[in-house]
Structure formats: C-alpha cells, structure tokens
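Worksheet for the structure shown next.
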Amino acid sequence: MNNNQKYLFYISQNYSFEILRPLQREILSQGSQVAWFVAGSDVNLSNFAADEVVLSSVADVISFNPVASFVPGNIIPRFIPGIKVQVFHGLEWKKKGHFVIRDCFDLYCTHGAATTNRFNELANQHKFFDVKETGWPKLDNLFNTPKEQYFSNKLPTILFAPTFSPALTCAPFLYEEIAALVHDKKYNWLIKFHPKMDTKWLDLYAQLSSQNLKIITSSNINSLLQSADIMVSDTSSVIGEFALLGKPVIAFNNSQPGDYLINITDAKELPQALTVALSPSETLILAINRYAQELHPYSDGKSSFRILEAVENIRLNGKQAIKTLPRNIIRNLKQRKILNYWKF
C-alpha cells in the first residue's frame, strides 16, 4: 500500500475518538499523515492528545488536501477535499436513518451482511457511491481491551446503556425498577448515557449513585463492554457491540426484536429477565453468536487496514460507481453557514 498519504478525520461528536483512533494508528504505521477537523461545538477539545494534529479552519483543511476524509457522522460538505468515506458511528442498523443516503459519500465501509446487503442495493439504485465490507475500525480495539475493576465486590455487573432518542429510549420507563434493584444491592450497575440524552434523565439517574452504581462519563466504552456481564438497553447501537462478545442483552421495546435478545415490554419484567440473562440457555447463546456473525464477522483487529485498502483502490482505479456525487446545493449551503466558509 502506498504510504505518505494525507488523511482527514472529519468529526462532530466525542464518540468519534474511539471510532477513529484505531484507523489513525494504522495510517501512522503505514508512514502516512492524519489531521483532525472539528465541525460544530459538541466535541470536547481536551480529548485530543498532544501529538494529534488538529486543523482549525476549512482553509487549513483545503490546504492540507487529504486524499480521503473519514466521517463517523452523517454529513460532510462537498467542499472538503478527498474521497469521502462513511465509517458510521454505530452498528445498530435498525435505527431510523441508518440507510438514509444523504448524497455526501463516495464510499460506505460496511460492517457485515446486516448492512452490506442493503447498501449494495442502494448503490445499484443511486449509482454514485461504492460499498465495501471492511468491518468497523472501533472494534479493532474491542477484543483486546482488558476488563476494568469498577467495583470492589464480586456481584454480577450490569451495563445500562439506553439510547437518547425520545421515541426509543428506555430511560424513563426503567427508572423506578432500576432504582429498586439498586436498593436491593444484588448487582453492580454501570450506567452509560448517550451524549445527546435529555439532561433530565442524567440528573435523575445521578441521584442513584451508590457503592454499587457508577455513572460513566468517559467516551471510551470498550472497557465497559468487556467488564459487564449483561447489558440492559433498548434499540441502542451499542447492543451490537455487546453481542459481539457473546454476552446477553435485555432490550426494552426493541424496534425489531430478534431471538438474540431478551426483549421485555414492561418494566416489571426486568428482575426476571436479569435472572434469565445471568444464566443464559444454550439456544440464546447460539442466537447471539449467529447475530454477531451477521452483524460484524471480523474479530481480527484489521478493519482499519481493510478500510485503507478500499480507499487506496479508489485512489488508484477510481470508483466503480458510474455517476459523480450530487451537487447537494442546499445541504452544502447550510454547511458553509455552520462552518463560516464562503470561498468558492
């Protein structure tokens, strides 16, 4: 693979760091360069390491002139240089919007059959982007991340990770039941909220903090996934990541429940579901592993390498897609306003 290329990471949320740093490590190991660019005000700039290159303006990005720009979010404006690559911010293909084509990307790097098949259909329909199944760069670190000792006791550890979407989140519905279970002190609880979660629920759950409940604010979630015995969620994208570790998930009103989930529709079912999840049947474990294989069959830690390989193929040979990216005029004007960039 050709080295000494320049690549851009175009980010707008804190979760981007954990997704893109394995890709950064692979790029640097190949002798190429990485620069980051932050769009909007939702990224905590203190998350950057001292040796990471951060460009402060669109003019700097254009001067940097990357061969490719990688995006875990939904949008990148046309005036940002390079092959525009969607790497996704989660595995959960059930969420509204996962398969929405926003006319921004040259290449979709998909994770497994659950997403690849549908994006191939969309590529045939739209004819201006390529699709390559590579796996997800964030997961290059998942399988070798060590467990962390969050509690001094040996009680089973439950990770509660609801999504933020008002239509899908289980946070309001499970609060009283979780409060009662915390009071019983039969389990340890790790609570990880999505960055966009309504602050009302952040404040309410914070009141439950005790020796056997911790609210985790770090954007690094891999150690949480490794450390928990089971997960309680809803239709959050993190369900897929947990399933890849072969561990049971209790979902509250999942939008498309499958046999790999213990799906409940009433908060009062939670205590019994926890008992089932902590002693999973062989049938459930087989279903979890089957789903994991469809979602993300790669556990070799080389998804970042495959992504760069796919980009290099386009750089050398061009896209297979026969059309160019749409001009996307309205969306690009909105992005110019957000980024305050008016040079044409």
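The values are calculated or read from the model by the stated rules, or taken from the named source; none is laboratory data. The model shown is predicted, which means the values in this text are computed figures rather than measured ones. Neighbour counts are summed over all protein chains in view; Cβ atoms, including those assigned to glycine, are modelled from backbone coordinates with ideal geometry. When the accessible area is computed, the model is the full protein with side chains, heavy atoms only, and any ligands, DNA or RNA have been set aside. Shrake-Rupley method; radii C 1.70, N 1.55, O 1.52, S 1.80 Å.
Worth a mention:
- Partner lysines for K247 [C-alpha distance under 23 Å; skip if fewer than 8 residues away on the same chain]: K94, K95, K138, K147, K154, K185, K186, K192, K214, K268, K302
- For Rg and Dmax of the Cα atoms in Å, calculated from these coordinates, the label among [x] 21.6, 75; [y] 20.8, 63; [z] 25.0, 76: [y]
- The stretch 6-47 and the stretch 105-174: distance between their alpha carbon centers, rounded to Å: 18 Å
- Once the chain from K337 to E282 is taken as fully extended at 0.36 nm per residue, the excess over their C-alpha distance is 14.3 nm.
- Gain on full stretching of the segment that runs from T217 to E148 - 0.36 nm per residue minus C-alpha separation: 23.3 nm
- The equivalent ellipsoid that matches the C-alpha gyration tensor of the stretch 83-212 spans semi-axes of 37, 18, 11 angstrom, in descending order.
- The angle between the Cα long axis of helix 16-29 and the main principal axis of the chain comes to about 50°, on a 0 to 90 degree scale.
- Ranking by accessible area, most exposed first, for H98, H296, H126 with a 1.4 Å probe: H126, H98, H296
- 222 nm mean residue ellipticity, helices alone, for the chain (DSSP H n ≥ 4; -39,500 (n - 2.57); rounded to 500): -10500 deg cm²/dmol
- Residues D42 and F79, FRET efficiency given R0 of 22 Å [Cβ-Cβ distance, rounded to 0.05]: 0.55
- Distance between the 7 Å Cα→Cβ label points at V53 and Q256: 4.0 nm.
- Annotation: Cα Rg of the stretch 1-160 relative to the compact-globule expectation 2.2 N^0.38 Å equals 1.13.
- Ligands, DNA and RNA left out, the accessible area of the chain computed with a 1.4 Å probe is 49% carbon and sulfur.
- Per residue accessible area in Å² of the chain, where ligands, DNA and RNA are left out and the probe is 1.4 Å: 46 Å²
- For the pair A179 and L204 in one chain, pulling the backbone fully straight at 0.36 nm per residue adds 8.0 nm over the alpha carbon distance.
- Computed about the Cα centre, the dipole magnitude for the stretch 1-66 is approximately 140 debye when only Lys and Arg (+1) and Asp and Glu (-1) carry charge, each at its Cβ.
- In summary, the convex hull built on the alpha carbon positions of the stretch 186-344 has an orientation-averaged projected area of 14.8 nm².
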